[in-house]
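What follows is calculated from the coordinates using simple rules that are stated; it is not laboratory data. Since this is a predicted model, take the numbers as computed values, not measurements.
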Amino acid sequence: MKELILPPYAPVLMESTRALGYTLEAAIADILDNSITAEASRIDIFFEPSDNPYFSILDNGSGMNDLELNNAMRYGSRHPKEVRDSNDLGRFGLGLKTASLSQCRCLTVVSLKKGILSGRRWDLDLISQRQEWVLLELGETDINKIEHINKLIENKTGTLISWTKLDRIIVGEYSLEETFNKKMPIVREHLEMVFHRYLKGEQGLIKLEIFINNNPLQGNDPFLIEKSYQILDDEKVFIDGSEILIKPYILPHMSNLTSTEINKLGGSDGLRNQQGFYIYRNKRLVVWGTWFRLARMEDSSKLARVMVDIPNSLDEQWTLDIRKSIASPPDVVKKSLKRIVDKIALGSKRVWVTRGRRETESSNILLWQRFRNRDGTVQYDINREYPLIENLLESIGESEQKQLINLLRLIEINIPMNALRVDFNNDCKVSMDDEDEKLELIRKMVEQLISISNDPQVVIEKLMKVDPFANYPELLKELLEEVY
């Protein structure tokens, strides 16, 4: 029996991998994975649609030397079963090449490490002409011609990726400028959600800044952690010693959201399509808006979202694809997910059905908000935008925020309505109606707020519009005069 070594035919393989189905936003996200793995704290995305069009991605990560860059440009530079660092966002060792060449015909990579610049280029036209794996090594003159090379040198470390011959980006459009005008807002929205935990600087992550033509991106949290609440405790599932962390959330009713928040959550019509599991691989969002056929997409469950954190050591079990956009949970995890789905869907339905129209009308900011439900009943919710509550949420950590939000919700659903009704019907006087006690409490709270403020005047002006402080203007003026 003979062994035959059949290396792949370069032009055919490289052209065929261009058809893996990358969108522009998915391709860029795949490139950014490499920058994050290289511990970059800033990534700049540049594009120029006119004259000599190009698309560039620059980071200030650790950079690569000649040998490392050669390996990075190799197709299949890492075995998918190879054990990776816990913060590695790579998968098959193909992302840099397949993502880039899905959008262009010429990929140039220049990297700076320990003061030495190294440059390499794949040019599909040259490879088609030569019919060989021809990787170009760039000299100093070639490198200096690349857009934004000076910015890389200023960083003193990092990598610059340049796409030229942008044939795939312009497909179906009249001009490249028109294409960028349509696609870049989509790119921005995609990156703001996919990397929102990095942009926020979540604990354990290097805080990341991303700019598109010098305009900063803002993280878009699809869970609205500050306003949502967990209907169930965190759950951990272990596979081969690796931990999967599951956190179920219920979004607030739309009546408690601003128009900006609703738009970021997918819009009033898009909420239904955005419900479901959100799978994060090493804190990077890879799959979202699906119940994995464990439940149906229904209006009653549109407020339900489940955060699932998985490590890169479980890529094979989750059958993660090259583009890191398709995954399927293993059977052992599905059992836990199914149990959570049944419980969280019920919680979402309760919030969606019972919340009605806010009826409280006032020029002041109220602590309690009154809602009329569709069945004619009324209910009272604590105003999450009440200044003192907002200040408290901003001053505590993420774990304490969750506890406080859950506590507020617990108070809301446990108001002793029957006991209050009986007391009022019997003309009983509720202790908090004691004016002296209320006045003393307000005085103490205002004094405390003034003591921690750099501008007491601003504090008093705000409280003049906040109930119940607004009912005591003379007291507020008196306390302000005591300071000055």
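When the square roots of the Cα gyration tensor eigenvalues are ordered a ≥ b ≥ c, the ratio a/c for the range 128-209 is 1.5 or more and a/b does not exceed b/c, which makes its shape oblate.
Just the Cα atoms of the range 226-274, one point each, no solvent: what log10 I(q)/I(0) does Debye give at q = 0.19, 0.28 Å⁻¹? The Cα Debye sum returns log10 ratios of -0.72, -1.03.
For the range 10-216, what mean projected area does the convex hull of the alpha carbons give, in nm²? Averaging across all directions leaves 11.7 nm² for the Cα convex hull.
Between TYR229 and ILE250, the built amide H atoms are under 5 Å apart, and every one of these is 5 or more places off in sequence or on another chain.
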